[in-house]
Amino acid sequence: MLRELFTPSVQHSLDIIGIFVFAISGALLAVRKNFDVFGIAVLAEVTALGGGLFRDLVIGAVPPAAFTDLGYFLTPLVATVLVFFLHPEVERIQGAVNVFDAAGLGLFCVTGATKAYDFGLGLTASAAMGLATAVGGGVLRDVLANEVPSLLRWDRDLYAVPAMVGAAMVVVCIRFDALNAATSTFAAATAFLLRLAAMRFHWRAPRAWNRRSSAVEEA
Amino acid sequence: MLRELFTPSVQHSLDIIGIFVFAISGALLAVRKNFDVFGIAVLAEVTALGGGLFRDLVIGAVPPAAFTDLGYFLTPLVATVLVFFLHPEVERIQGAVNVFDAAGLGLFCVTGATKAYDFGLGLTASAAMGLATAVGGGVLRDVLANEVPSLLRWDRDLYAVPAMVGAAMVVVCIRFDALNAATSTFAAATAFLLRLAAMRFHWRAPRAWNRRSSAVEEA
Amino acid sequence: MLRELFTPSVQHSLDIIGIFVFAISGALLAVRKNFDVFGIAVLAEVTALGGGLFRDLVIGAVPPAAFTDLGYFLTPLVATVLVFFLHPEVERIQGAVNVFDAAGLGLFCVTGATKAYDFGLGLTASAAMGLATAVGGGVLRDVLANEVPSLLRWDRDLYAVPAMVGAAMVVVCIRFDALNAATSTFAAATAFLLRLAAMRFHWRAPRAWNRRSSAVEEA
């Protein structure tokens with residue numbers, strides 16, 4: 001049973017928004033890779049639902065929410081139709097899409113960590129599952145598109161760290177029995193704002209020590 | 001318990017045939033990618049069993065059929081031996097292989113959707129699982145071979161749509177309580193014939209609207 | 001319940017060693033691919049825990065050991081720190097790393113097969129799961145790094161065969177009710193030594209018959 005931090009309808013609406021913006025990011029990559037309309041739909045579904053699907057398989061919540069809630073399944077198809085017809089317009093508002101993607105990141109790291117804890121995982125494992133829920137869909141998206149996951153690349157703005165921070169805040173709150181609607185909103189907002197700041201100021205993570213001097217650059 | 005549409009031995013024979021032809025397609029790609037004999041065997045196994053394995057993990061049917069039925073596991077190894085020694089001959093009958101692959105597609109979308117429904121998924125989710133069962137192995141094959149999944153590419157003949165139609169017919173039959181050996185055979189045959197027609201007439205799905213005008217072609 | 005071949009603390013120490021050396025191999029590839037520090041950590045975790053995670057999902061052991069034992073999760077992070085600061089030194093002792101990797105391979109094929117059998121899989125399926133446990137992490141590592149899995153390539157020294165032999169020895173011992181600390185150590189040692197010999201003498205598996213004459217070399 002998922003801990004009820006918000007009323008179910010609020011929680012559900014937030015989930016749908018997160019799924020929608022992740023699906024947009026998958027559909028846009030599919031258009032850039034020149035996939036056909038079914039490829040766009042598949043990449044939208046995988047990006048939006050992949051992280052939660054992985055989490056549900058790991059914690060034993062089968063069948064996963066992605067296959068029991070019709071809204072979760074249909075939302076990426078709406079994103080597909082939108083991107084299919086309007087992708088130049090959607091590309092043009094890439095900035096806005098990135099903001100929504102950051103919101104999805106913040107939301108999913110919190111709900112992922114919470115659900116994992118409710119299914120009996122320890123605190124550290126729950127934080128790890130929160131991170132995996134938030135970034136897993138994007139990794140699957142890049143693997144299917146045959147690209148190096150942007151999560152792993154040094155030349156991309158920080159993506160994992162904001163989700164880590166949000167998920168860690170959740171488990172700290174759980175540890176001190178202080179997880180409620182206010183604190184979890186605060187954790188999601190922190191992850192969201194950190195990601196916005198990372199994009200704004202191009203925060204990047206360091207590569208291996210001595211990397212520049214000791215190896216040929218391969219990008 | 002899998003709904004008994006056919007006698008178990010007929011059902012099992014059909015499964016083995018589907019697994020065999022999918023394994024041939026995996027083994028042929030492995031030869032083209034210059035893999036060694038173990039790489040050929042791994043790609044044959046993954047292509048043949050990957051879709052069903054994914055379905056079984058999602059619906060909670062563990063251990064998956066791929067690991068409980070020895071015939072399912074050994075059939076891809078037979079395909080491996082065949083392709084290893086005779087691959088020029090197998091390449092030459094690529095047309096025949098494609099026909100069998102279409103048969104596997106038709107069969108797996110029907111059995112996948114049926115099994116998912118028997119494990120408690122809803123109608124839409126069962127149709128989605130039928131599609132995933134039919135195409136999942138091929139996607140895993142292409143990911144392991146480090147290629148863009150041919151399922152997603154616009155320059156390949158329709159593959160997902162026939163499986164979608166077959167799986168959709170199954171859940172419509174379930175909805176109206178009309179699923180039996182005759183109707184499920186009809187659904188599988190429809191998917192099979194649609195795929196044959198797609199190959200014969202090179203049916204393709206559209207890429208994103210305005211794609212040609214607004215973006216550089218990247219293949 | 002995992003069959004107790006060794007005292008739990010010995011078993012746990014062996015697992016941690018195997019996880020550590022696999023994590024080193026993942027972290028080194030991440031450095032070579034120019035990933036940032038979080039990419040290094042992700043690839044270390046995936047390489048070290050991926051094979052066991054796959055096994056646990058398939059046999060229904062959820063939540064998987066990777067998420068219930070904190071030591072399993074933290075060990076790859078230690079490897080990450082080490083490689084991050086000292087990767088030129090670690091590269092220089094690549095030979096030693098390969099020896100440890102061979103030890104991990106021998107260990108994981110044995111524990112993987114044993115655990116699969118304890119969860120009710122048949123003998124052949126248990127051997128297959130032993131192989132998957134030993135090599136699965138490396139395959140996931142290469143997929144995430146967007147490379148053709150080295151397991152599948154003909155131009156790499158034998159990797160799968162030693163694990164297959166070790167896993168097969170385990171299930172033969174199980175079949176004749178002779179699995180104990182001595183025989184399982186012998187199986188792990190055999191796999192370990194076979195892998196060392198494969199590296200020393202560059203044993204390779206054949207590619208498809210007629211491959212050289214009938215097709216263009218593509219590497």
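Remarks
- Only one of C:A127, C:A182, C:A205, C:A197 that is part of a helix (DSSP H, G or I), surrounded by 18 or more Cβ atoms within 10 Å (Cβ to Cβ) and not charged (D, E, K, R): C:A127
- B:S13 meets all of the listed conditions (1) over 17 Å from the mean Cα position of the chain (by Cα); (2) away from chain C (no Cβ under 11 Å); (3) modelled with pLDDT under 90 but one, namely (1).
- Boolean, B:L77 is under 16 Å from the mean Cα position of the chain (by Cα) and open to solvent by 50 Å² or more (accessible area, probe 1.4 Å): no
- Matching residues in the range C:136-151 - criterion: being surrounded by fewer than 19 Cβ atoms within 10 Å (Cβ to Cβ) and charged (D, E, K, R): C:E147
- Near pairs, Cβ below 7 angstrom, 6+ apart or cross-chain, from the range C:62-78 (facing chain A (nearest Cβ under 8 Å)) to any residue that is open to solvent by 40 Å² or more (accessible area, probe 1.4 Å) and in a helix (DSSP H, G or I): C:L70/A:T124; C:F73/A:T124
- Annotation: of all residues in the range C:152-171 being part of a loop (DSSP other than H, G, I, E, B) and either free of Cβ contacts under 8 Å to residues at least 12 places away in the same chain or open to solvent by 40 Å² or more (accessible area, probe 1.4 Å) (or both), the one that is nearest to the other protein chains (Cβ to nearest Cβ) is C:W154.
- Test: residue in the range C:111-133 that is within 13 Å of the chain's Cα centre (by Cα), of a type in the set (S, T, Y) and more than 30 Å from B:D142 (Cβ to Cβ): yes
- Scanning the range C:51-64 for residues that are assigned to a helix (DSSP H, G or I) and open to solvent by 40 Å² or more (accessible area, probe 1.4 Å) turns up just one, C:F54.
- Test: C:S214 is out of contact with any Cys (no Cβ under 9 Å at 6 or more places or on another chain), within 14 Å of chain B (Cβ to nearest Cβ) and either open to solvent by less than 40 Å² (accessible area, probe 1.4 Å) or at pLDDT 90 or above (or both): no
- Residue match in the range C:196-207 (condition: touching an Asp or Glu at 6+ places or on another chain (Cβ under 6 Å), among the basic types (K, R) and either within 14 Å of chain B (Cβ to nearest Cβ) or more than 16 Å from C:G52 (Cβ to Cβ) (or both)): yes
- Annotation: B:K33 fulfils all but one of (1) charged (D, E, K, R); (2) in contact with an Asp or Glu (Cβ under 8 Å, 6 or more places away or on another chain); (3) under 22 Å from B:D118 (Cα atoms); the unmet one is (3).
- Complete set of residues in the range A:35-50 that are open to solvent by less than 10 Å² (accessible area, probe 1.4 Å) and in a helix (DSSP H, G or I): A:G39, A:I40, A:L43, A:A44, A:T47, A:A48, A:G50
- When A:F67 is tested against (1) closer than 19 Å to A:A132 by Cβ; (2) open to solvent by less than 20 Å² (accessible area, probe 1.4 Å); (3) in a helix (DSSP H, G or I), exactly one condition is not met: (2).
- Flag if C:F108 is part of a helix (DSSP H, G or I), at pLDDT 90 or above and closer than 20 Å to B:F38 by Cα: yes
- The set of residues in the range B:37-61 being facing chain C (nearest Cβ under 9 Å) and among the small types (G, A, S) consists of B:G39, B:A41, B:G60.
The values are calculated or read from the model by the stated rules, or taken from the named source; none is laboratory data. Treat the numbers as computed from the prediction; the structure is a model and nothing was measured. No Cβ is skipped: glycine too gets one built from the backbone with ideal geometry, and neighbour counts run over all protein chains shown. Side chains included, ligands, DNA and RNA excluded: accessible areas come from the protein's heavy atoms. Shrake-Rupley method; radii C 1.70, N 1.55, O 1.52, S 1.80 Å.
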